[in-house]
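Worksheet: one structure, shown below.
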Amino acid sequence: SARAALGDYEGAVEDSRRAVEAFEDALGPRHPYVLTALTNLTANLHQMGEYAEVLEVCDTLIARSSERHGESHESIASAEMARGLAQKRLGRLDLAEAAFLRGIEVRKELDDKGPSAALSWVNLASLYLEQGKPDEAEPWMQRGRETLERTLGDKHPATAQVIGSMARLRHAQGRFVEAEALLDSTLKALESILGEQHPVLGSFYFYRAQARREQGKKDPARQDYARALPLLEQGGAPDDLQECKADLAALDER
């Protein structure tokens, strides 16, 4: 967990694997500690872009958790969210939506209205946004943001990232000034918590660069692209990395 927080996702994956093996050897494959370790492994594999393995681990996690706890459990909801994110990155948007909705339904059965539920709503909203459905994304995004601000506060990293997702929604709606303002807030909060060189910041510099470019602010946009690129190369979403490179090259040609 400490390595992941520092952006050392490769080290975090290594330690997560060792934790799973150690707990399995000591406690058996269905012990709650094993389920927690598998949940952490999916998160760290996702940061490394190992989406096929994320799906394999999710299948294992859901099967073991169902055998121990039944069909409604926190670990199953978390696994469905991880599965949805992996399917989304693999371009399987219908499968991603189905996984997100299953995860949301499990949390509803658990009467979960806290931060984990809020993040599941935001994940679904982000998927709708990627599908070009901003009107469907809006209520889920608003609900998630309001819940996180109420439960975690506006300075928490999760809240900051959701505000960044809201900025992507505003960008899709052509509201570029609002998008830039939200990203200013996101980056300020994340920099104060994580420092200026954490890989998580890469996507948000990239998003702000796009919002600035759309407003004709070429020099500020170029600066943001240049700041985003090395951070994305450390551990950002592959799609964001490739698009950032292409945008920066196109901007430099003008």
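The values are calculated or read from the model by the stated rules, or taken from the named source; none is laboratory data. Since we're looking at a predicted model, the values are computed, not measured. Cβ: placed from backbone, ideal geometry, glycine included. Neighbour counts: every protein chain shown. These accessible areas exclude ligands, DNA and RNA; they are computed on the full protein's heavy atoms, side chains included. Shrake-Rupley method; radii C 1.70, N 1.55, O 1.52, S 1.80 Å.
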TODO: Just give me the residues in segment 47-61 being open to solvent by less than 40 Å² (accessible area, probe 1.4 Å) and either within 20 Å of ASP240 (Cβ to Cβ) or among the charged types (D, E, K, R) (or both), in sequence order.
DONE: GLY49, TYR51, VAL54
- [ ] Go through segment 7-60 residue by residue and tally those that are of a type in the set (D, E, K, R), within 24 Å of ARG102 (Cβ to Cβ) and assigned to a helix (DSSP H, G or I).
- [x] 3
Task: Members of segment 84-116 found to be more than 18 Å from ALA158 (Cβ to Cβ), part of a helix (DSSP H, G or I) and among the basic types (Lys, Arg), listed by number - done: LYS88, ARG89, ARG102, LYS108
Open item on the list: Between ALA82, ALA4, ALA19, which is among the aliphatic types (A, V, I, L, M) and modelled with pLDDT under 95?
Closed with: ALA4
- [ ] Write out, first by first residue and then by second, each pair whose Cβ atoms fall under 8 Å of each other, whose residues are 6+ apart or on separate chains, and whose first residue, in segment 139-155, is outside any helix (DSSP H, G or I) while the second is small (Gly, Ala, Ser) and open to solvent by 60 Å² or more (accessible area, probe 1.4 Å).
- [x] LYS155/SER192
Task: Verdict on VAL177 being β-branched (Val, Ile, Thr), under 25 Å from TRP140 (Cα atoms) and either open to solvent by 60 Å² or more (accessible area, probe 1.4 Å) or touching a Cys at 6+ places or on another chain (Cβ under 9 Å) (or both) - done: yes
TODO: Give segment 62-83 a look and list any residue that's open to solvent by 40 Å² or more (accessible area, probe 1.4 Å), of a type in the set (Ser, Thr, Tyr) and not in a loop (DSSP other than H, G, I, E, B), or say none.
DONE: none
Open item on the list: Tell me the residue from LEU190, LEU127, LEU110, LEU183 that is farther than 17 Å from LEU231 by Cα, open to solvent by less than 60 Å² (accessible area, probe 1.4 Å) and without any contact (Cβ under 8 Å) to a residue 60 or more places away in the chain, please.
Closed with: LEU127
TODO: Can you tell me which residue among GLY174, GLY202, GLY164 is among the small types (Gly, Ala, Ser) and not in a helix (DSSP H, G or I)?
DONE: GLY174
